[in-house]
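The values are calculated or read from the model by the stated rules, or taken from the named source; none is laboratory data. Since the model is a prediction, treat every value here as computed from it, not as a measurement. All Cβ positions, even for glycine, are placed from backbone atoms using ideal geometry, and neighbour counts span all protein chains on display. These area figures cover heavy atoms from the full protein model, side chains too; ligands, DNA and RNA do not enter into them. Shrake-Rupley method; radii C 1.70, N 1.55, O 1.52, S 1.80 Å.
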Amino acid sequence: MITLESIREYMRDQLEADRTKQAVKSSGASVKEALENAAIELGIPVKSLEYEIVETGSKGVLGVGRKDWTLLVYPAALKAETAQAAGGREADVGKEQKAIADKDGEVFVRLTSQGVFLKVTKPSGRGSKVEERRAAEKLSLRGVNNFDGELVSKVVRHADGEYIKIGDYQFNPVSQSTMSVDTTDMEMRTYMTVTAPGPGGADLSFEEIRGLLQHAGVVFGINDEVIRGFVDYPAYNEKVLVAEGTKPQNGADAEIIYNFNVYRDEVQLKEKDGRVDFRELNLVENVEAGQILATKKPAEEGVAGRTVTGKTLPAKPGKNTQIEIGKNVKLSDDGMSAISTINGQVLLILGKINVEPVYTVDGDVNFKTGNILFLGTVIVKGNVEDGFTVKAAGNIEVMGSVGKCLLDAEGEIIVHQGILGKNEGKVRAGSNLVAKFIENAHIEVEENVLVSDGIIHSFVDANKRILCQGKRASIVGGRLRAANEIHAKTLGSVAGTETILEVGIDPKRKE
């Protein structure tokens, strides 16, 4: 089993071995050839080498006076690469170690017009190394018998994964591998079919396959990884998908993003201290003047596609749409936002955004409606049952009666029947309170209290007047305070019930 510690030990051994390697002198007809010879000797890819020119080469004249290039070659940035690799391994400490796949080393032979090239790869995991005998067999299968055995041994031993020239062969252009190109699906796919080379024929290189595709008019969507894979693992006489075009992507349609719940029938319950209050149903969605109710996401233009031959495939732009507005809503100057012009309830009616200044409850305020909080006027066509709350920034009008509950309005409160507070009910009004009667309730108004029948055992504060006007207009029990006047047909009771009346001082100022 491969462990992190064994990987570290292997890296330390490799680092120590690399440090013992000295720079080598290498010669060749060109700098490239000298570097390739040094790469084989050091067992390091050419791209990982640095060099200094010891002796400049010369081509001579007609071969006379020719001189090889001599280089001093050594590994480049060995220490930095090793430290970086070690650091990457350290970063994986504490994480789950990934299993290394077992894979044998491989041998690849390529015949080109320049000669025979050999590539050997290292094994991974518990895979087997490539033996020299296996490389020789592979060369023999390709009909190659004239090669540098010592050089083959070095390539096998180092297995650096790069093609190295190891010999020559009798090149026959007539037997060279050929390729046909087939473009189908309305120029959206291109397949190549390659024939196997005959005796003395060369394999197609990456550059040659690329060139043949371009010569056939294929200029877009070429998959270079497929071509590189084919070079190492050729599949002769089979159709290989080598290029694909891109389809056009039509633009997305414009979209209206609403900043409120458009599904009014959905009940949203609130949880407090681990318990759900079924009085808080949040059926009313309040908005304020100047609030953005919806925004428009513009339509997209779309992305054009291309065929493998480079033709442009136009994309359709997304469909446009507009924000539909109704009452008490305006559009921004650019038409991209809907803005409320008043305080009230936002509604989506037949696709149009409306803000209603009045919220109407068709029946009673109970568990079906929940508590009501509204930035406008509330009209209740039934009763307000015990334990519920109605708050409004405008007026409150109740067609029935009010029980042990809380009514709070910045404007007037009108109760067509009576208020039965049961010693806990509270009513606050920013203007006037009008009711048939008040019994066992706490009342606080900024202006006048107007009652037709009477006020019984209640605490009433009015900053102006308390008026009981009617055939049975009487005030019995409780405490009533008004700044200007308290008026009733009967004050107090013959039964001796204590009735306290205070007039002449603003109750709030007195407190």
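Brief remarks follow.
- Close Cβ contacts (under 9 Å, 6 or more residues apart or on different chains) running from residues in region 152-169 that are within 16 Å of L35 (Cβ to Cβ) to residues that are among the small types (G, A, S) and in a loop (DSSP other than H, G, I, E, B) comprise K154/G43; H158/G43; D160/G43.
For every residue, the table says whether it meets (1) surrounded by fewer than 12 Cβ atoms within 10 Å (Cβ to Cβ); (2) at pLDDT 50 or above.
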site: P75; (1), (2): no, yes
site: K79; (1), (2): yes, no
site: A86; (1), (2): no, no
site: F108; (1), (2): no, yes
site: L118; (1), (2): no, yes
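- Taking the criterion of being of a type outside the set (K, R) and in a strand (DSSP E or B), the residues of region 391-409 that qualify are A392, I396, E397, V398, V402, L406, L407, D408, A409.
- Of all residues in region 141-150, those being assigned to a loop (DSSP other than H, G, I, E, B) and open to solvent by 30 Å² or more (accessible area, probe 1.4 Å) number 5.
- Filter result for I505 (hydrophobic (A, V, I, L, M, F, W, C) and not in a strand (DSSP E or B)): yes
- Residue selected from region 485-502 under the condition under 11 Å from S474 (Cα atoms) and part of a loop (DSSP other than H, G, I, E, B), by the criterion nearest to the chain's Cα centre (by Cα): A488
- Given (1) surrounded by fewer than 17 Cβ atoms within 10 Å (Cβ to Cβ); (2) under 47 Å from the mean Cα position of the chain (by Cα); (3) of a type in the set (A, V, I, L, M), number of the condition M399 does not satisfy: (2)
- Residues that are touching a residue at least 12 places away in the same chain (Cβ under 8 Å) and either open to solvent by 50 Å² or more (accessible area, probe 1.4 Å) or in a helix (DSSP H, G or I) (or both) within region 120-140 comprise K122, R126, S128, K129, E131, E132, R134, A135, A136, K138, L139, listed in sequence order.
- Pick from region 151-182, criterion under 49 Å from the mean Cα position of the chain (by Cα) and among the charged types (D, E, K, R), ranking: surrounded by the fewest Cβ atoms within 10 Å (Cβ to Cβ): D182
- Residues in region 450-483 that are charged (D, E, K, R) and within 19 Å of E424 (Cβ to Cβ): D461, R479.
- Long-range neighbours under 8 Å by Cβ, at least six apart or interchain, first residue closer than 16 Å to L139 by Cα and open to solvent by 10 Å² or more (accessible area, probe 1.4 Å) within region 190-204, second at pLDDT below 95 and in a strand (DSSP E or B): P197/L111; D203/R110; D203/L111; D203/T112
- Being surrounded by 20 or more Cβ atoms within 10 Å (Cβ to Cβ) and touching a residue at least 40 places away in the same chain (Cβ under 8 Å) holds for only one residue in D506, D461, and it is D461.
- Elements of the type strands (runs of 3 or more DSSP E) sitting completely within region 295-364 and holding at least 1 residues that are under 30 Å from E412 (Cβ atoms) and open to solvent by 80 Å² or more (accessible area, probe 1.4 Å): these cover 329-331.
A quick yes/no check of all residues on (1) under 19 Å from I396 (Cα atoms); (2) part of a strand (DSSP E or B); (3) open to solvent by 10 Å² or more (accessible area, probe 1.4 Å):
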position: R428; (1), (2), (3): yes, yes, yes
position: F437; (1), (2), (3): yes, yes, yes
position: I443; (1), (2), (3): yes, yes, no
position: V451; (1), (2), (3): yes, yes, no
position: H457; (1), (2), (3): no, yes, yes
position: G470; (1), (2), (3): no, no, yes
position: V476; (1), (2), (3): no, yes, yes
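- Matching residues, region 341-385, being closer than 19 Å to M399 by Cβ and among the hydroxyl-bearing types (S, T, Y): Y359, T360, T369, T377
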